[in-house]
Every structure is written in structure tokens, then in C-alpha cells.
Amino acid sequence: MKPQKRTTKTGAIRWVARYTDPTGKERSKSFDTRREAKVFLQEQERDIRRGNWVDPKDQQVTVADLVEDYISLATKPGTKRDREILRDNLGPLADMPVRAVRQAHVESWALQLRDGRPWAGGKALSAETVKVKTGQLKTVLQRAVDDGLIDRNPAVVLKRFDAGRKEEFYVPTTQEVTALYTYAKEHGPRWFAPAVRLGAEAGLRAGEVCGLRVKDVDFMRRVIHVRVQTTPGKAGGELVPLKSRTSRRDVPISEDLALELSGFLVGRPASQDDLIFVGDWGRPLYSARVSQVISRVREGAGVSDRVHFHSLRHLFASRLLASGADLPTVSGLLGHADVAVTARVYAHQLPGREDVARSLVVRASGFFRDFGPGEGAGAAG
């Protein structure tokens with residue numbers, strides 16, 4: 001259909017471009033010149049033929065609008081808060097119409113997260129947090145592709161970005177963990193020293209430590225039943241389900257750790273449903289509070305700032321693997337979704353192929369140890 005000439009009440013000439021959208025609805029838009037109207041019609045007809053046509057009102061949807069929708073789909077408080085962190089760190093992407101976003105915009109944003117955020121006083125995010133946030137943005141933009149708002153995902157460039165920034169986690173030494181524990185006993189909150197042991201000796205995540213209830217510890221059998229965790233709430237932490245079915249697990253502990261936990265509860269009347277560790281005014285703790293405390297204790301103990309609470313879990317897994325535990329056992333104790341996750345995370349902690357081969361050869365050669373020199377099965381008689 002050709003542009004139609006119209007004269008307004010004021011005598012001005014306008015050119016009206018009319019077309020029918022894929023739903024059968026007639027649409028129109030006015031322009032000052034015939035050329036502008038013709039170009040617009042050609043663009044609309046081309047997009048309709050290719051299946052790329054987008055409702056004009058959807059063309060103004062911003063990245064922030066999409067992230068708000070993404071937040072609204074969260075069913076768990078922790079997931080919602082994690083997605084809100086993405087919203088709060090969109091920076092220059094926030095108000096951009098999603099159809100205007102290009103790979104260069106996304107890559108620039110990711111680099112700002114890594115090297116320093118102008119909207120957060122120049123403070124950078126950790127490599128792991130950057131990986132999570134860029135992954136979330138990929139998901140948000142892929143939903144926009146699936147909904148027909150954009151033709152392709154401009155965040156595919158972030159795959160290369162992540163690959164170039166992959167870093168191994170830090171495994172603290174036993175001396176560092178001992179220093180943390182010793183300093184915490186003297187100078188930290190009363191709950192923190194046993195919490196350190198639960199991370200290093202049972203591999204519990206910070207949220208799982210905070211969610212540990214009296215009934216979750218079998219003091220007779222010396223087993224911890226990991227069943228719930230805490231997440232930030234309006235007044236401290238709040239109990240929520242574990243992040244996955246496989247996170248639900250039973251972890252054996254040493255007699256010494258069981259005694260420390262039992263001693264921690266002495267003199268404190270507690271029901272089976274009570275949390276073992278609570279903060280000020282009896283409020284539940286949560287992972288951010290644990291991070292604050294370990295930062296202070298770490299400095300006082302003279303321990304590397306690479307040691308975080310999650311590092312204790314890495315030490316737990318690394319010691320198990322070094323002791324000869326197989327991957328399925330370690331994976332189960334950590335509560336990983338599957339063994340592949342454990343293998344990927346701790347690949348550099350596994351014995352090398354040469355070490356394994358040498359161990360097998362040494363074991364196989366044990367058959368000959370009963371023979372003295374020259375007394376083997378093939379010795380001349």
C-alpha cells in the first residue's frame with residue numbers, strides 16, 4: 001500500500017503510512033514527507049515477511065522492564081533478592097530499549113562489573129559474582145528473543161568474556177583455618193568458632209550453618225541432617241527450603257565437633273525446632289552476616305583476604321579427595337546437583353593420571369614382594 005496524502009485542519013500536509021500487522025489489525029503512522037512514510041512502510045512489510053515484526057509499544061521495552069519481569073517470576077526469597085542485585089547493577093543498560101542493545105553495550109557493562117562500577121563508587125564485583133550476573137542477563141535477553149521482542153541475544157558475547165576470566169578458587173591451609181578458629185574463640189561472636197568448624201569439617205554452606213536447628217544434629221550418631229537454610233529477610237534471616245533436592249543430605253561429623261556443638265547449647269534452654277546459632281536479639285543469621293564477621297576475624301587473625309566462608313567448604317572437599325574419597329561420595333556430602341558438578345569444580349584437586357598410574361603399578365607389583373632377589377617365578381632352578 002502506498003503512503004496516502006492528507007491535509008490537516010491547519011493546512012499542513014501529512015503522509016499516512018497504513019499497513020496490516022500479522023494479527024490482522026490495521027495500523028498507521030503519519031510523517032512530514034512521502035519519502036519517510038514510504039521507507040517506514042517498506043521496513044514494516046519486510047519485518048512482517050521475515051517474521052521479525054514487533055508491536056511498536058514493545059519497541060520501547062527497556063532492559064530494566066525485562067529484569068523486573070524476571071524478578072517477579074522468582075518463587076523463593078533468596079532467588080528474588082539475587083535477581084534484584086542484577087536490577088541494581090544494570091548501570092547504563094537499565095533505561096536502554098532492549099531493541100537498541102548491541103553486543104558492544106553488553107560487553108562494556110560486563111567489563112564495568114569486573115573493573116569498577118561507576119554507579120557504585122567505582123567498586124568492582126568478584127569474578128564469581130560477575131559470572132552470575134552476566135549469566136542472568138543472558139537469560140533475561142534470551143526470554144526477549146523467545147517472546148519475539150528481539151531477533152537475537154546480544155549477550156552471547158559474554159560467553160567469551162566468562163571464558164577469559166575463569167579463575168581457580170582458593171583453598172585455605174589448615175594453619176589459616178586454625179588461626180581463624182583460634183582468633184574467633186577469643187574475639188569473635190560466640191557462634192562463629194563452631195560455624196568455622198562446620199564449614200571446614202562438614203562442608204556446610206553459610207546459609208546451611210545459619211539454618212541449622214537443634215533437631216538437625218544427631219548427637220548420638222554424630223550426624224548432621226542438612227534440611228533448611230536461611231536467606232535475608234526483613235528482620236534478619238528467615239528459614240527457607242534448600243536450593244535443590246540434592247542439597248538435602250546427611251553429613252557425619254567427628255566426636256570432637258559433636259561435643260563442641262553440644263557444649264555450645266549448654267545452659268541455653270532450646271526446643272528441637274530452635275536454631276543453634278542466632279544473632280543479636282535472637283534473630284536468625286544469614287550468609288551476609290557471616291561474611292561480615294569472617295572479614296573482621298580474618299583481619300585480626302592475620303589470614304589472607306582470599307579466605308571466605310565458602311573457602312572452608314573447598315578445604316573440606318579437597319581434604320576428602322586427597323584422602324582417597326571417590327567423587328560420588330564427595331559430591332553427596334557437598335550436596336551437589338550431580339557428580340559432574342563436583343568433577344568440574346574440583347578437577348585441579350584430583351590426583352593426576354601419572355599419580356594414579358604409579359599407585360596402581362605399585363599395588364600390582366606387590367605379588368613379587370614375597371620373593372627375594374633371583375627367586376621370582378621365572379628364576380632358573
Listed with the fewest Cβ neighbours within 10 Å leading, Trp119, Trp15, Trp109 appear as Trp119, Trp15, Trp109
1/(1 + (r/R0)^6) with r = Cβ-Cβ of Ile85 and Glu299, R0 = 25 Å, i.e. FRET efficiency to nearest 0.05, evaluates to 0.50
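Neighbouring Cβ atoms within 10 Å as the yardstick, rank Arg313, Arg87, Arg102 fewest first.
On the way: Arg313 23, Arg87 17, Arg102 11.
Fewest to most other Cβ atoms nearby, the residues stand as Arg102, Arg87, Arg313.
Among Tyr181, Tyr286, Tyr19, rank each residue by its count of other Cβ atoms within 10 Å, from fewest to most, as a rough exposure measure. Show your work: numbers first, answer last.
On the way: Tyr181 20, Tyr286 23, Tyr19 17.
So the ranking, lowest neighbour count to highest, is Tyr19, Tyr181, Tyr286.
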Length gained, Ala94-Val339, 0.36 nm per residue minus C-alpha separation, equals 84.4 nm
Between Arg213 and residues 5 or more places away or on another chain, the pairs with built amide H atoms under 5 Å apart involve Ile276
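So if we plug the beta-carbon distance of Leu111 and Thr75 into 1/(1 + (r/R0)^6) with R0 = 30 Å, what FRET efficiency do we get, rounded to 0.05?
Values: r = 32 Å, r/R0 = 1.08.
According to the calculation, E is roughly 0.40.
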Over 27 Å (Cα to Cα) among Lys80/Lys185; Lys80/Lys123; Lys80/Lys215 -> Lys80/Lys185; Lys80/Lys215
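Quote the relative contact order of the stretch 4-53 in percent (integer), defining contacts as alpha-carbon pairs under 8 Å separated by 6+ residues.
Working: 62 pairs, mean separation 14.4, N = 50.
The normalised contact order for the stretch 4-53 reaches 29 percent.
Stretched out fully, how many nm does the piece from Met1 to Asp147 gain, at 0.36 nm a residue minus the Cα gap? List each step's numbers first, then the result.
On the way: separation 146, 0.36 × 146 = 52.56 nm, distance 2.83 nm.
That works out to 49.7 nm of additional length.
In nm, what is the difference between 0.36 nm times the number of residues separating Thr8 and Lys123 and their Cα-Cα distance?
Values: separation 115, 0.36 × 115 = 41.40 nm, distance 5.54 nm.
My answer for the length gained is 35.9 nm.
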For Lys133, counting only aspartates and glutamates whose alpha-carbon sits under 15 Å away and dropping same-chain residues fewer than eight positions off, the answer is Glu68, Asp82, Glu84, Asp88, Glu107, Asp115, Asp162
The FRET efficiency for Ser323 and Arg190, from their Cβ-Cβ distance with R0 = 25 Å and rounded to 0.05, is 0.20
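Any read-out appearing in this document is the output of simple, stated calculations on the displayed coordinates, not a laboratory observation. Because the structure is predicted, anything quoted here is derived from the model rather than measured. Note that each Cβ is placed from the backbone with ideal geometry, even for glycine, and that neighbours are counted across all protein chains shown.
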